[in-house]
Amino acid sequence: MDINTPNFRAVPFCYAPWVAANIRGTIDLQEGNRFAITPCCAWTGRRYYGSPADMEKSTTWNAIKRDMLDYNMPNLLDSCGECIEEEKANLESLRLRFQKKVYNGWYKIGYINWLDIRPSNLCNLKCIICSADSSSMIAKEEKKYYKNIPLDDLYNIDFTHLKMLKILGGEPTLQGNALELIDHIAKKTTMCDL
């Protein structure tokens, strides 16, 4: 079976790698000037580092899809723990929400329908529930150094099937480039919750 087009006879553990992306624009300096991309915001497994345009062709993204199709539970327990724990507690996980939206036809396989973008960790607060990844104030306090990378590659994403957009950070209203990106996306889609 083609790993890019699962069908209902071969239901993956989660549809996230086929319908969603979590893109972080602030990367620890060790990773270089690249985006960190995961299937969703709850994912704790390996990340794809690079351009969103090249994500689908990457060995990392295809390995994630393969694990989903093969129900590779040792890898999925490490990567999808949050959803697994929520489901054990009889809660509706993000995985189950993706599944429902694919089954009812709202999310189209092979397109980004759900997008979580975190352009940088620039923030003027140090909320107790936060971390250096999402607060430049906490990062400074912990002596962790991040850099913001240009968001130019995000303008090339096909937003025509986008249904859900989350822009977090940091504090997006402090990030001029995030507001410009929101304007661009709003012009490219008509069916999106911002």
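The values are calculated or read from the model by the stated rules, or taken from the named source; none is laboratory data. Worth saying up front: this structure is predicted, and the values here are computed from it rather than measured. Heads up, the Cβs are rebuilt from the backbone with ideal geometry, glycines too, and the neighbour counts pull from every protein chain shown. Please note that ligands, DNA and RNA were not included when accessible areas were found on the heavy atoms of the full protein model with its side chains. Shrake-Rupley method; radii C 1.70, N 1.55, O 1.52, S 1.80 Å.
Summary of computed values
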read-out	value
Simple spin-label estimate for residue 160 and residue 72 in nanometres, 7 Å along Cα-Cβ	3.2
Shape call, the range 123-183: gyration tensor on alpha carbons, a/c limit 1.5	prolate
Over 18 Å between alpha carbons, listed pairs 88/166; 57/147; 57/188; 101/163; 163/188; 65/108	88/166; 57/147; 57/188
Estimated distance in nm for a label pair at residue 142 and residue 127, the labels positioned 7 Å out from Cα along Cα-to-Cβ	1.5
Sum of -39500 (n - 2.57) over DSSP H runs of 4+, divided by residues of the chain (222 nm, nearest 500)	-9000 deg cm²/dmol
With every protein chain in place, the chain: carbon and sulfur % of accessible area (1.4 Å)	52
Cα-based shape type of the chain, given that a ≥ b ≥ c are square roots of the gyration tensor eigenvalues and the cut on a/c is 1.5	prolate
Rounded accessible area per residue of the range 96-194, 1.4 Å, Å²	58
Heavy atoms of residue 47: accessible area, 1.4 Å probe, square angstrom to 10	90
Dipole magnitude of the range 76-182, debye to nearest 20 (Cβ charges: Lys/Arg +1, Asp/Glu -1, about Cα centre)	140
FRET efficiency, residue 89 to residue 11 (Cβ-Cβ, R0 22 Å, nearest 0.05)	0.45
Förster radius 22 Å - calculated FRET efficiency between residue 106 and residue 34, Cβ distance, rounded to 0.05	0.10
